[in-house]
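See structure below.
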Amino acid sequence: MSKVGGKLFLVLALVLSSQVYSQVVMRGKITFERRTNLYKQFDDERMRKMIDEKNKIKIDNFALYFNDSVSMFSYVAPEGGDPMSWMTMKNTVYMNWEENKREVFYDFWGTSIILQDSMVNRQWKITDKTRNIAGYECTRAIWQKNDTTRIYAWFTTDIAPTVGPEIIGGLPGAVLGLATEDGGIVYFATSVEKIAPTAEQLARPKTKGKEYSPAALRQELTEKMKGEPYANRVIDGIFFWE
């Protein structure tokens, strides 16, 4: 190849690569639908009497605003209200990737609690399985949380920031699908909007509450809820995605 031809090839390669990069989404809004199987969440007889076949799958919606350094994940309340809202947790999660910081905002029956920590470093196993979610080709990854719990995530490299529902991240792109192995909790993106979130949409919530580290919050809840029949379920639910 001549020097002129080589230069033309290099210029063409740079142009094509810049075009591909420009198509990667760096900021936007992802809307998620979460489906919770209440039969799998509540296995005692008293709670089962409050759940029938018609409403055993609880559907909640969330919005995730993001750019290349910050993300905000929060619950979207339905217009008509939700009489079964108390049956599922609805965390607000603020993530600052540049500062390696996360904050999770909980509301326990009117009491606000803020959990603060660094990002979670999970050991993901990326597989060759794919599926289309909200128009994006996604690759499945597996996180073996412990001996009995396996989490599946589907991520796309077409959305560059390593964001996702709850406190999930650390993959080579945005997580558009998230599920427990038994299907008890499933998140799937229903839409991706290529917008520039406002400063307000990405701002840390102004909620005031007592601040905890994960270890301190777990210890306090364990002590205060000792003897309560649902204590372990509540505590495990709070730290489920850790």
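Please give me the summed charge of the neighbours of Phe155: other residues whose Cβ is under 15 Å from its Cβ, Lys and Arg +1, Asp and Glu -1. So the surrounding residues net to +1. Every pair of different Cα atoms in the chain enters the Kirkwood calculation, which places the hydrodynamic radius at 19.8 Å.
Across the options Thr190, Gly80, Tyr39, the greatest Cα extent toward the positive end of the charge dipole of the chain (unit charges at beta carbon of Lys, Arg, Asp, Glu) belongs to Thr190. A simple charge model with +1 on the Cβ of Lys and Arg, -1 on the Cβ of Asp and Glu and nothing else charged puts the dipole of the chain at about 400 debye relative to its Cα centre.
Enter the angle in degrees (range 0 to 90, nearest 10) between the Cα long axis of helix 3-23 and the first principal axis of the Cα atoms of the chain, meaning the one along which they spread out most. In the chain, helix 3-23 runs at an angle near 20 degrees to the longest axis.
Quick note: the coordinates plus some simple rules give every number you see, no bench work behind them. Remember, predicted model here, so these are calculated numbers, not experimental data. For neighbour counting, all protein chains shown are included, and Cβ atoms are generated from backbone atoms with ideal geometry for every residue, glycine included.
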